[in-house]
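Notes follow once the structure below has been shown.
The values are calculated or read from the model by the stated rules, or taken from the named source; none is laboratory data. Note that the coordinates shown come from a computational prediction; the quantities given were computed from them, not determined experimentally. Cβ sites come from the backbone with ideal geometry, for glycine too, and all protein chains shown count toward neighbours. Just so you know, the surface numbers come from the protein's heavy atoms only, side chains and all, with ligands and any DNA or RNA stripped out. Shrake-Rupley method; radii C 1.70, N 1.55, O 1.52, S 1.80 Å.
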Amino acid sequence: YGMGAHGLATNLGIARDAAQTYIDRYFARYPGVAQYMAQTKALAHDQGYVETVFGRRLWLPDINAGGARRAGAERAAINAPIQGTAADIIRRAMIAMPKALVDYDLTAARMLLQVHDELIFEVAEEKADDLIAIVQKTMETACLPRLELSVPLIVDAKAAKNWEEAH
């Protein structure tokens, strides 16, 4: 999210020039990333906010400030449309889940917890495979009908006795 050579060098424990070379190669290999970052920062400076794909806004009161406050707001501007859209998608999946469970007669399954882009459920062991299929379908289509993604949203799901075993 805009880390410079000094920050990368410190985080990786490498020389600053090696970190700068890494950053330069990354942006040469993925020029669309630099373009996205520049366009997003410019838009944030112009309008004072950025939006998720679904139109949710993050206002950035410090975007035109100076120094560290501005840099922080610029990093937030770059991050928010991506992370915010991911959060919007998981929320839409969570909202759709109760109906999906009823439609497939899996009312005994319970959605327990959300952790970032994961949903954790409790269900009888013999219904786990059925639940996995429903959860995957519901999450993969969570954007619809509001938005059709240009790339497929692929959801991995596992059954286990506890969350640690699922990883």
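Looking at region 109-167, which GluC sites (Glu not before Pro) are DSSP coil and have at most 15 other C-beta atoms within 10 Å of their C-beta?
Here the GluC sites (Glu not before Pro) that fit, given the DSSP loop and packing criteria, are 148.
Considering region 1-65, what Rg and Dmax in Å follow from its alpha-carbon atoms?
Final numbers for Rg and Dmax: 14.8, 41 Å.
Hand me the trypsin sites (Lys or Arg not before Pro) from region 79-161 located in a DSSP loop with no more than 12 other Cβ atoms within 10 Å, in residue order please.
In loop regions of region 79-161 (DSSP not H, G, I, E or B), the sparsely surrounded trypsin sites (Lys or Arg not before Pro) are 146, 158, 161.
What does a probe at residue 95 reach in region 111-149, counting residues whose amide N is under 16 Å from the point 7 Å along Cα→Cβ?
Label zone hits: 138-148.
Would you give the gap between the C-alpha center of region 109-167 and the C-alpha center of region 75-103, rounded to a whole Å?
Computed from Cα coordinates, the inter-centre distance equals 12 Å.
Mind checking the per residue accessible area of region 1-73 for me, 1.4 Å probe, whole number of Å²?
The answer is 68 Å² per residue.
Counting heavy atoms of the protein chains only and a 1.4 Å probe, report the per residue accessible area for region 84-167 as a whole number of Å².
On the way: 5900 Å² over 84 residues.
Using a 1.4 Å probe on heavy atoms only, each residue of region 84-167 averages 70 Å².
Tell me which of 66, 42, 15 sits at the most positive position along the dipole axis of the chain, charges placed on C-beta atoms (Lys, Arg +1; Asp, Glu -1).
Projecting each Cα onto the dipole axis, the largest value belongs to 66.
Quick one: which residues, 5 or more positions from residue 121 or on another chain, have an amide H under 5 Å from its amide H? H modelled 1.01 Å from N in the peptide plane, none for Pro or chain starts.
112
Per DSSP H run of n ≥ 4, the term is -39500 (n - 2.57); total these for the chain, divide by its residue number, and report the mean residue ellipticity at 222 nm rounded to 500 deg cm²/dmol.
Working: 6 runs with 93 residues, N = 167.
Helix contribution divided over all residues of the chain: -18500 deg cm²/dmol.
When the gyration tensor of the chain is built from Cα positions, what are the square roots of 5 times its three eigenvalues, in whole Å, from largest to smallest?
Semi-axis lengths for the chain are 38, 21, 14 Å.
Can you give the relative contact order of the chain as a percent, counting alpha carbon pairs under 8 Å and 6+ residues apart?
The normalised contact order for the chain reaches 14 percent.
Using a Cα-Cα cut-off of under 19 Å, which lysines could be cross-linked to residue 158, ignoring same-chain neighbours fewer than 8 residues away?
127, 137
Accessible area of region 21-167 with a 1.4 Å probe: how many percent of it is carbon plus sulfur?
On region 21-167, the fraction of accessible area on carbon and sulfur atoms equals 54 percent.
May I ask you to derive the FRET efficiency for residue 104 and residue 30 from their Cβ-Cβ distance with R0 = 41 Å, giving the value to the nearest 0.05? Let's see the in-between values first.
On the way: r = 41 Å, r/R0 = 0.99.
It comes to 0.50.
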